[in-house]
Amino acid sequence: MSRNIQSVRGMNDILPDEAELWERFEEIVRSWLKGYGYRPIRLPIVEPTPLFSRAIGEVTDIVEKEMYSFVDSLNGEPLTLRPEGTAGCVRAVIQHSLAGERPQRLYYTGPMFRHERPQKGRYRQFHQVGVEAFGFAGPDVDAEHILMGARLWDDLGLDGIRLEINTLGQAEERARHRAELITYFEANAELLDEDARRRLHSNPLRILDTKNPAMQELVAAAPKLIDHLGPESLAHFEGVQQILRDVGIPYTINPRLVRGLDYYNLTVFEWVTDRLGAQGTVCAGGRYDGLVGQLGGKATPACGFAMGVERLLALISDAGGVPAPVAVDAYIVHQGDAASRLAPRVAEGLRDQGLDVLLHCGGGSFKSQMKKADASAAPFAIIIGDDEANAGEVSLKPLRDGGEQKRIGVDLLADAIIQCLLDDEDES
Ligand code: ATP
Ligand code: MG
């Protein structure tokens, strides 16, 4: 017999126990975004490949080796499963002239795809919540995005996530720094690894981001961009920091924070934890004033950030924040012809009143059905035999706190359950 088909490596099923935690997370995230006036945008998962090579940069890890790209067999168009959301969001903003008249605060959530080596916190299909703001040039929005992170960690009950910030200045400033970096690395060519040698002339800034322990000393002593920044870039960076200090958000400046995507300028930031091993960055973002113009739109200042949902959920689970399985209010067991015809009507009637109900399906003895009712964690079983059904009644049995089972008319059932649930709430 052939082996059963498995999911694609690095692309995971999210089973009900875990998926309930995802939904709780999504509820918290939605109400948090509403609290800052951000509006949803829903974007395609597949985009034309040139969108990503132009937006993210040809000489980046993502475009060089992580994209799931293919040719549409019907028309030969090169397509890619989105590896991140900003490029598609900018495309949509341009295509629908969203940011022309007034600024926009937008967010999206959903799966992203990167062909990486799967490990804890690193998957080939993973999920992001992305936040973008278009049409704001000042440091106030950069700071808003950072403050949003701080509040969300709090809303999620997470601590130990620290903030690192940096500034990448503007293109001309980076060009001066880049020239000096190349000179420095050339003078130390024997210390460069293969990756760094390859990047030396294409993207030397990315060498600063190396994870190779043998190169850390070299990289730490490299020329710093901040020494090449003009007064405007410095003022923007100071503006962000001023707001962080005013609101009391601790941060460290990490001059080696350069981000793996080419579109950033001025502010960049990451939220990092030590609790997830090497995959410690849970959220990252920054300003990308050039991107809208670069993709053919009218020059529009912009900034944004994205967080890794799997990494945040891993932190939440580690912190013991897994909620109990969501229980329904009542489980209906039934046996006999009249009872089995009444049961779906009872269930629908209770749902009309706003109650959550599991209707037993698949038959079986009362005893085996009652076992399922117990396992469901519902506070009530509703028992219907032909006896009850013929009298237009059911038996209501509290399952949790040892109350008496009693017969009750079908039309009084919803009120009785609601009353008991309210009484329980008052007691607890
Ligand atoms: P890393 O350095 O960990 O590869 P990155 O710089 O490539 O991250 P971004 O493109 O900034 O990541 O994406 C934002 C966030 O999305 C990351 O901080 C991380 O939380 C999450 N993320 C990125 N790639 C993956 C992945 N393959 N699996 C799970 N989460 C990911
Ligand atoms: Mg990466």
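Here are a few things to note about the model shown:
- A single entry from 290, 321, 277 fulfils the requirement of being modelled with pLDDT under 95 and either buried (at least 21 other Cβ atoms within 10 Å of the Cβ) or under 30 Å from residue 102 (Cα atoms) (or both): 290.
- Residue within segment 44-51 that is assigned to a loop (DSSP other than H, G, I, E, B), away from ligand 1 (no atom under 16 Å from the Cβ) and among the polar types (S, T, N, Q) present: no
- Count of segment 118-158 residues which are open to solvent by 30 Å² or more (accessible area, probe 1.4 Å), more than 16 Å from residue 276 (Cβ to Cβ), outside any strand (DSSP E or B) and in contact (Cβ under 8 Å) with a residue 60 or more places away in the chain: 11
- Tabulated pairs, segment 54-75, first closer than 17 Å to residue 259 by Cα, second more than 16 Å from ligand 2 (Cβ to nearest atom), C-beta under 7 angstrom, 6+ apart or interchain: 54/294; 54/295; 55/90; 55/291; 55/295; 59/202; 63/53
- Residue 123 being of a type in the set (Phe, Trp, Tyr), modelled with pLDDT of 95 or more and within 16 Å of ligand 2 (Cβ to nearest atom): yes
- Residue selected from segment 221-270 under the condition polar (S, T, N, Q), surrounded by 19 or more Cβ atoms within 10 Å (Cβ to Cβ) and part of a strand (DSSP E or B), by the criterion modelled with the highest pLDDT: 267
- Qualifying residues in segment 159-171 (those that are touching a Pro at 6+ places or on another chain (Cβ under 8 Å) and open to solvent by less than 30 Å² (accessible area, probe 1.4 Å)) - the one nearest to residue 253 (Cα to Cα): 166
- Summed over segment 353-370, residues that are surrounded by 10 or more Cβ atoms within 10 Å (Cβ to Cβ) and in a helix (DSSP H, G or I) total 4.
- Taking the listed residues 97, 69, 2, the one that is surrounded by fewer than 19 Cβ atoms within 10 Å (Cβ to Cβ) and outside the structural domain of residue 289 (by TED's automatic domain parsing) is 2, with no other qualifying.
- Residue satisfying condition, being away from ligand 2 (no atom under 14 Å from the Cβ), open to solvent by 30 Å² or more (accessible area, probe 1.4 Å) and among the acidic types (Asp, Glu), within set 64, 77, 47: 77
The values are calculated or read from the model by the stated rules, or taken from the named source; none is laboratory data. Being a predicted model, the structure only gives us computed values, none of them experimental. Neighbour counts are summed over all protein chains in view; Cβ atoms, including those assigned to glycine, are modelled from backbone coordinates with ideal geometry. For accessibility, only protein heavy atoms count, side chains too; no ligands or nucleic acids. Shrake-Rupley method; radii C 1.70, N 1.55, O 1.52, S 1.80 Å.
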